[in-house]
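Colleague: Shown below is the structure under consideration.
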Amino acid sequence: MHHACHVCGDSDAPYCCEDCFSVNLFCCSCMITLHQNLLLHRVKKWQDGYFHSATLKQLGLCIQLGDHAEQLCHNPKPARNNNFVIIDVHGIHKVALDFCDCTNASSHYRQLLHRQLYPATSTDPRTAATFAVLEHFHLLSFESKGPAYEFYHSLAC
Ligand SMILES: [Zn+2]
Ligand SMILES: [Zn+2]
């Protein structure tokens, strides 16, 4: 199976995405470009005659938090040990995630919430859930944070 990248024509195009409405194959850099705002898609890599599961983190995608609109953050601060986990409806994703460490940056907790990620802990969060997963489990209640909080603690352990 030798298909060129559907976007750029690069001959090294072993990747496809389970969550995009597409069966096309892409090269690594086009895959990252296509997923700048689809951070939790599940990707596969064609190798040795079959598809292996892969992650966007392995391909080099990094989630940059902070309020820079589409601009680059000049003070990215990687999550501790480059270890960050996002819980989504489809499962648990290990991601590369950089906080914004600019002087006017808000707290890590707020940076996550701003991207619709609900941190498991308020200080030094290393796990977060998508708002979609909270809705899925009917846990999104801003009046009472009790159940969501316990839910995260059980998932984080
Ligand atoms: Zn390409
Ligand atoms: Zn995708």
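Colleague: Could I get the Rg over Rh figure for segment 15-59? Both from C-alpha atoms, Rh via Kirkwood, rounded to two places.
Modeller: When Rh is taken as the Kirkwood radius, the ratio is 0.92.
Colleague: Does segment 59-134 come out rounded, prolate or oblate by the C-alpha gyration tensor, with a ≥ b ≥ c the root eigenvalues, rounded set by a/c under 1.5 and, if not, prolate when a/b is larger than b/c and oblate if not?
Modeller: prolate
Colleague: Label ASN104 and SER29 with points 7 Å out from Cα along Cα→Cβ: what is the distance between them in nm?
Modeller: Each label point lies 7 Å from its Cα, and together they span 3.3 nm.
Colleague: Stretch LEU113-ASP10 to full length: gain in nm at 0.36 nm per residue minus the Cα-Cα span?
Modeller: Gain in length upon complete extension: 33.4 nm.
Colleague: Shifting gears a bit: If you take the beta carbon distance between ASP67 and HIS90 as r and set R0 to 22 Å, what does 1/(1 + (r/R0)^6) give as a FRET efficiency, to the nearest 0.05?
Modeller: Working: r = 28 Å, r/R0 = 1.26.
That gives a FRET efficiency of 0.20.
Colleague: What is the chain's relative contact order, in percent, from Cα pairs under 8 angstrom and six or more apart in sequence?
Modeller: 14 percent
Colleague: I'd like the antiparallel share, as a percent to the nearest 5, of DSSP beta bridges with both residues in the chain.
Modeller: Rounded to the nearest five, the antiparallel share is 75 percent.
Colleague: What does the convex hull of the alpha-carbon atoms of the chain project to on average, in nm²?
Modeller: About 10.8 nm², averaged over all directions.
Colleague: Then there is this: With each label point set 7 Å from Cα along the Cα-Cβ vector, what nm distance links LEU38 and ALA132?
Modeller: So the two model labels end up 1.1 nm from each other.
Colleague: On average, how much accessible surface per residue is there in the chain, in Å², for a 1.4 Å probe, leaving out ligands, DNA and RNA?
Modeller: Numbers: 9700 Å² over 157 residues.
Per residue, the chain has an accessible area of 62 Å².
Colleague: With a 10 Å cut-off between alpha carbons and a GNM built on the chain, which of GLY66, GLY49, GLY91 moves the most?
Modeller: Checking each option, the largest mean-square fluctuation is seen for GLY49.
Colleague: Excluding residues on the same chain fewer than 8 positions from LYS45, give the aspartates and glutamates whose Cα lies under 12 Å from its Cα.
Modeller: Result set, ordered by chain and number: ASP12, GLU18.
The values are calculated or read from the model by the stated rules, or taken from the named source; none is laboratory data. Remember, predicted model here, so these are calculated numbers, not experimental data. Here Cβ is always computed from backbone atoms with ideal geometry, including for glycine, and neighbour counts include all displayed protein chains. Note: accessible area is taken over every heavy atom of the protein model, side chains too, but ligands, DNA and RNA are not part of it. Shrake-Rupley method; radii C 1.70, N 1.55, O 1.52, S 1.80 Å.
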